[in-house]
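The next block holds one structure in the form of structure tokens; read it before the comments.
The values are calculated or read from the model by the stated rules, or taken from the named source; none is laboratory data. Predicted model, so just to flag it, every value in this text is computed and none were measured. Reconstructed Cβ throughout: ideal geometry from the backbone, glycine too, with neighbour counts over all protein chains shown.
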Amino acid sequence: MSVSIRPARLSDADDIARLTTELGYDIAGSDVAPRLSRFLESADHHFLIAEIDGHPVGWLHATLAEYVEAGRFVVVAGLVVDSRHRRKRVGSALMERAEQWAVNQGCSMLRLWSSSGRAHAHRFYEHLGFTHIKTQFSFVKSLGSVGETLKKLVPRIDE
């Protein structure tokens with residue numbers, strides 16, 4: 001059983017939605033599709049699908065960012081591996097490809113954020129050589145009638 005990594009396609013929207021529920025976020029493929037379409041059209045986004053035997057078992061979304069204090073870097077905006085396929089190098093393979101993309105974009109740093117309750121994920125990232133640099137609070141302000149949308153930003157974590 002070998003892992004293959006390929007660029008995402010718009011037809012992956014339903015599988016991406018299914019896998020995203022494993023992160024604790026409920027989303028429909030019909031909501032993923034327009035966002036994925038924008039990511040796929042942008043050179044600043046890199047969206048990958050991991051497959052085993054032709055079946056999607058994970059995804060990674062990386063994006064370019066630039067801050068005044070940090071210069072240009074790549075952010076891993078999302079990573080998920082189907083729980084039945086964890087500890088089989090799927091996540092590592094996706095992260096290796098994100099690192100390669102970051103280097104190809106001229107970046108010398110890869111960053112990510114992970115919810116405080118995801119202890120298993122934290123150990124995974126540390127195993128890959130990431131350093132925990134700070135603990136933060138996360139704030140959001142609704143700019144309209146999006147109260148229910150704000151609730152969707154907080155994952156259900158069942159570790």
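Below is a table of values for the structure above.
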quantity: Residue in the range 71-87 that is over 20 Å from Glu51 (Cα atoms) and modelled with pLDDT under 95 present; calculated: yes
quantity: Residue among Arg89, Arg84, Arg72 that is over 13 Å from Thr20 (Cβ atoms) and touching a residue at least 60 places away in the same chain (Cβ under 8 Å); calculated: Arg89
quantity: Failed criterion for Trp59 (all others in (1) without any contact (Cβ under 8 Å) to a residue 40 or more places away in the chain; (2) touching a helix residue (DSSP H, G or I) at 6+ places or on another chain (Cβ under 7 Å) hold); calculated: (1)
quantity: Filter result for Ala62 (touching a Leu at 6+ places or on another chain (Cβ under 9 Å), under 25 Å from Ile27 (Cα atoms) and at pLDDT 90 or above); calculated: yes
quantity: When residues of the range 79-89 are limited to those that are in contact with a Leu (Cβ under 7 Å, 6 or more places away or on another chain) and of a type outside the set (D, E, K, R), the one nearest to Phe39 (Cα to Cα); calculated: Leu79
quantity: Residues (surrounded by fewer than 19 Cβ atoms within 10 Å (Cβ to Cβ), touching a residue at least 12 places away in the same chain (Cβ under 8 Å) and of a type outside the set (Gly, Ala, Ser)) located in the range 108-124; calculated: Met109, Arg111, Leu112, Trp113, Arg118, His120
quantity: Matching option when the condition is touching a residue at least 40 places away in the same chain (Cβ under 8 Å), out of contact with any helix residue (DSSP H, G or I) (no Cβ under 7 Å at 6 or more places or on another chain) and not basic (Lys, Arg), among Leu94, Leu48; calculated: Leu94
quantity: Selection from the range 21-54 of residues that are of a type outside the set (A, V, I, L, M), modelled with pLDDT of 95 or more and either within 22 Å of Ser116 (Cβ to Cβ) or part of a strand (DSSP E or B) (or both); calculated: His45, His46, Phe47, Glu51
